[in-house]
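To start, the structure under review is shown below, and the notes come after it.
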Amino acid sequence: MLLRDFILWLSTKKRLTDFLARRGMRSGFARRFVAGERLEDAVAASLVLQQLGHGVILNHLGENVATREEAARTRDSYIEMIHALESAGLRGNISIKPTQLGLDLGRDLCQSLAIEIAQEAKRLGRTIEVDMENSTYTGVTLDIFEEMQRKTGNVGLAVQAYLRRTEADLERLAPLSPKIRLVKGAYREPARVAFQKKSEVDENYRRLADLLLAPAGEHRFFAAIGTHDPAMVEYACKRIEQNALGKDRYEFQMIYGIRRDLQQQLLAQGHPMQIYVPFGTDWCPYFMRRLAERPANCWFVLRNLLAERKPATSR
């Protein structure tokens, strides 16, 4: 837990993130978790994943735009992503971040841009998902999501098991019968709003999974189980089997480059699998949160950095 907190703290240090950003794509270690800096890179990676049997969720990395013009450009880029999925014949959708759509500049701006994206996706017969950011945005993100879902009906939402409020939030959202992506959470949060111990987060994850994976006749959600924790995956699989849930009720979601063995294992067992495919130039904060989720990944990065800095011994 201390190492996780340390990495999350480092992710806020611009000098370090700039250092990693200059080297990450060039030396290759960032490619383990980030498809590339361009939409074309994400599409190419997604085509490979589709050949393996996965669906995809495209995510253009970035947060907290500062102007209305930046927010509008982000809306345009999200719509371009939807069209790219369509043109490439890819099975999947996109995920959007409210702060990329100007949430810091006002709820109305963010909500209107997000609805435009959802409407274009619906026109093409596709869905979108809304990422959940740090806890200061949780309440307003739920408000925006509810309005989007009422207007278009093709929107899913990520919720975080480490937040103490999430069970109540699911009860609030249940009347909309939405798609919910259940993740543990990857931001550094205070104890008053988030569970701090892994055992507490895991316990809450199981409790929330029970709500999402309820038996036929009791279900109120489409469940997207977003975790790389084998224990949580096993728990979800048992609930799916016990409650005889069809593939129209659930899917698993995992992140590009993480636990590829587990991704293939679930796919081989016949479970629907979506891979979250991030791309973009603003990749470093996301990348470091992935390291914090599984600190063993740090050694992978350090080996690549050290290899890059070694002098050549031959030409």
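The values are calculated or read from the model by the stated rules, or taken from the named source; none is laboratory data. In this text the structure is predicted, and so the values were computed from the model without any measurement. Don't worry about glycine lacking a Cβ; one is built from the backbone with ideal geometry, like all the others, and counts go over all protein chains shown.
Please verify whether region 112-120 includes one or more residues that are acidic (D, E) and either crowded, with 24+ Cβ neighbours inside 10 Å or within 20 Å of H54 (Cα to Cα) (or both). Looking through region 112-120, none of the residues is acidic (D, E) and either crowded, with 24+ Cβ neighbours inside 10 Å or within 20 Å of H54 (Cα to Cα) (or both). Take the conditions (1) under 17 Å from the mean Cα position of the chain (by Cα); (2) at pLDDT 95 or above; L61 misses just one of them, which is (2).
Under the condition of being farther than 30 Å from S199 by Cα and in a loop (DSSP other than H, G, I, E, B), the residues counted in region 128-168 number 2.
Across region 85-105, which residue is surrounded by the most Cβ atoms within 10 Å (Cβ to Cβ) among those that are of a type in the set (S, T, N, Q) and in contact (Cβ under 8 Å) with a residue 12 or more places away in the chain? If you could, list the steps in order and put the result at the bottom.
Going residue by residue through region 85-105, those that are of a type in the set (S, T, N, Q) are 87, 93, 95, 99-100.
Still in the running and in contact (Cβ under 8 Å) with a residue 12 or more places away in the chain: 93, 95, 99-100.
Numbers: N93: 22, S95: 22, T99: 21, Q100: 26.
For region 85-105, the residue satisfying everything is Q100.
Residue-wise test of (1) among the charged types (D, E, K, R); (2) part of a helix (DSSP H, G or I); (3) surrounded by 19 or more Cβ atoms within 10 Å (Cβ to Cβ); (4) within 17 Å of the chain's Cα centre (by Cα).
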| residue | (1), (2), (3), (4) |
| --- | --- |
| D210 | yes, yes, no, no |
| C237 | no, yes, no, no |
| A244 | no, no, no, no |
| F252 | no, no, yes, yes |
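Is there a residue in region 175-187 that is in contact (Cβ under 8 Å) with a residue 24 or more places away in the chain, part of a loop (DSSP other than H, G, I, E, B), under 18 Å from the mean Cα position of the chain (by Cα) and within 15 Å of F145 (Cβ to Cβ)? The answer is yes, given that some residue of region 175-187 is in contact (Cβ under 8 Å) with a residue 24 or more places away in the chain, part of a loop (DSSP other than H, G, I, E, B), under 18 Å from the mean Cα position of the chain (by Cα) and within 15 Å of F145 (Cβ to Cβ).
Scan region 112-127 for residues that are in a helix (DSSP H, G or I) and closer than 13 Å to Y78 by Cα and jot them down. If the condition is that a residue be in a helix (DSSP H, G or I) and closer than 13 Å to Y78 by Cα, then L113, A114, I115, E116, I117, A118, Q119, E120, A121 are the ones that fit.
Among the residues of region 254-275, those identified as free of Cβ contacts under 8 Å to residues at least 40 places away in the same chain, over 18 Å from the mean Cα position of the chain (by Cα) and in a helix (DSSP H, G or I) are D261, Q265, L266, A268. In contact with a Cys (Cβ under 9 Å, 6 or more places away or on another chain) and surrounded by fewer than 24 Cβ atoms within 10 Å (Cβ to Cβ), is that true of D108? Criteria not met by D108. Do we have L90 as farther than 24 Å from F33 by Cα and either part of a loop (DSSP other than H, G, I, E, B) or in contact with a Lys or Arg (Cβ under 7 Å, 6 or more places away or on another chain) (or both) here? In short, no.
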